[in-house]
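In what follows, a structure is listed as structure tokens, so that the remarks can point back to it.
The values are calculated or read from the model by the stated rules, or taken from the named source; none is laboratory data. Quick caveat, the model's predicted, so the values are computed rather than measured. Neighbour counts are summed over all protein chains in view; Cβ atoms, including those assigned to glycine, are modelled from backbone coordinates with ideal geometry. Please note that ligands, DNA and RNA were not included when accessible areas were found on the heavy atoms of the full protein model with its side chains. Shrake-Rupley method; radii C 1.70, N 1.55, O 1.52, S 1.80 Å.
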Amino acid sequence: MPNSVSQRLIDRFLEMMAAERGASQNTLAAYRRDLESYAEGIADLKGAGPDDIRRHLEALEAQGLARSSAARKLSAIRQFHRFLHGDGLARDNPATAIDSPRAARPLPKMISQADVTALAEAARARVKAAKDRQLLKALRLLCLIELLYATGLRVSELVGLTVQAASAERDFILVKGKGGRERLVPVSATARSTLVDYLSALKKSGLAGSKWLFPSSGAAGHLTRQHFALELKALGREAGLDAAKLSPHVLRHGFASHLLEGGADLRAVQQMLGHADISTTQIYTHVQAERLREVVETHHPLAKKS
């Protein structure tokens, strides 16, 4: 554990991240872990130098940490030292002398349009077969899937939707994303119809008093992303899909990739996904390029091996 002085500096940094940048609890917890690990071998964080950061990165590499993970940890260290320097708590920022570990950005896991259709059909079959209390649960899962694939929301944004945000506009949903930034996301007619059916069932169940669109008796007051992920995998198995390759995030990727396949504008997809930087959205153009390469290598006569 870091010493008490270092711990107080880390706490001050995390308070700033929460108050000024609206960092989520998950982000704050990750930053705390990364910074406390970094601070363990340093007597005075305010006087830390580039060599202290390099030694920490070398130790992480010796542990077999992936470059992408090391880059994420270095990002936390950079922001921390920028905060110390900016608030006058340190004379300089040693992180400016450190280069980021270079790592190829992995292509996102994808799902085909046929698999999305199979998943939705399995969810609708559950609704048709459900009775009494199970009907609301089946409608909830169908609503979650159709909303996620129709809007590309982050899973945390989806399960944290309020009834007001989902029903204030007929053709849009108001989403509060990272950093407290709000955006309007269009909703398809199919997803909106399922949402209306789910809200009707929710009202009949007596659970409509909650502000959450997907209420739960848990501490958060709404369905957790972990519970949704488990339900999605179980449904995937029913649909004959590989559950190990299925997650809410994969459906979000499918939303973006399938839009671009259909000719959607990259900037429009960026706005719907809530990406602050278009370079994050451009990863989906690499997915399309990779698919085109595979098509050529598989079907072009001159590309076939003799």
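Summed over segment 175-193, residues that are of a type outside the set (A, V, I, L, M, F, W, C) and under 18 Å from ARG124 (Cβ atoms) total 4. Scanning segment 102-117 for residues that are surrounded by 15 or more Cβ atoms within 10 Å (Cβ to Cβ) and modelled with pLDDT of 95 or more yields ASP115, VAL116. Given the structure, is GLY152 open to solvent by 20 Å² or more (accessible area, probe 1.4 Å) and at pLDDT below 95? So GLY152 does not fit the description; no.
Here's the yes/no breakdown for (1) in a helix (DSSP H, G or I); (2) free of Cβ contacts under 8 Å to residues at least 24 places away in the same chain; (3) not hydroxyl-bearing (Ser, Thr, Tyr):
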site: VAL5; (1), (2), (3): yes, no, yes
site: ALA18; (1), (2), (3): yes, yes, yes
site: ARG33; (1), (2), (3): yes, yes, yes
site: ILE42; (1), (2), (3): no, no, yes
site: ARG54; (1), (2), (3): yes, no, yes
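Quick one: how many residues across segment 207-249 are open to solvent by 40 Å² or more (accessible area, probe 1.4 Å) and at positive phi? The total comes to 1. Could you name every one of the helices (runs of 4 or more DSSP H) located completely within segment 66-160 that has at least 3 residues being in contact (Cβ under 8 Å) with a residue 24 or more places away in the chain and under 20 Å from the mean Cα position of the chain (by Cα)? Fully inside segment 66-160 and qualifying: 67-86, 133-151, 155-159. Return yes or no: is PHE228 touching a His at 6+ places or on another chain (Cβ under 8 Å) and modelled with pLDDT of 85 or more? No.
Specify which of the listed residues (ALA125, ALA43) is hydrophobic (A, V, I, L, M, F, W, C) and open to solvent by 60 Å² or more (accessible area, probe 1.4 Å).
On the way: ALA125 fails: open to solvent by 60 Å² or more (accessible area, probe 1.4 Å).
Answer to the selection: ALA43.
Tallying residues that are touching a residue at least 24 places away in the same chain (Cβ under 8 Å), in a loop (DSSP other than H, G, I, E, B) and open to solvent by 60 Å² or more (accessible area, probe 1.4 Å) within segment 177-206 yields 1. With respect to the conditions (1) under 15 Å from ILE10 (Cβ atoms); (2) at pLDDT below 90, TYR31 falls short on a single one, namely (2).
Residues checked against (1) aromatic (Phe, Trp, Tyr); (2) open to solvent by less than 80 Å² (accessible area, probe 1.4 Å); (3) modelled with pLDDT of 90 or more; (4) in contact with a helix residue (DSSP H, G or I) (Cβ under 6 Å, 6 or more places away or on another chain):
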{"site": "PRO2", "(1), (2), (3), (4)": "no, yes, no, yes"}
{"site": "ARG8", "(1), (2), (3), (4)": "no, no, yes, no"}
{"site": "ASP11", "(1), (2), (3), (4)": "no, yes, yes, no"}
{"site": "LEU14", "(1), (2), (3), (4)": "no, yes, yes, yes"}
{"site": "GLU36", "(1), (2), (3), (4)": "no, yes, yes, no"}
{"site": "GLU61", "(1), (2), (3), (4)": "no, no, no, no"}
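Among the residues making up segment 250-280, those that are in contact with a Lys or Arg (Cβ under 8 Å, 6 or more places away or on another chain) and either open to solvent by 20 Å² or more (accessible area, probe 1.4 Å) or part of a helix (DSSP H, G or I) (or both) are VAL250, ARG252, HIS253, GLN271, MET272, LEU273, ALA276, ILE278.
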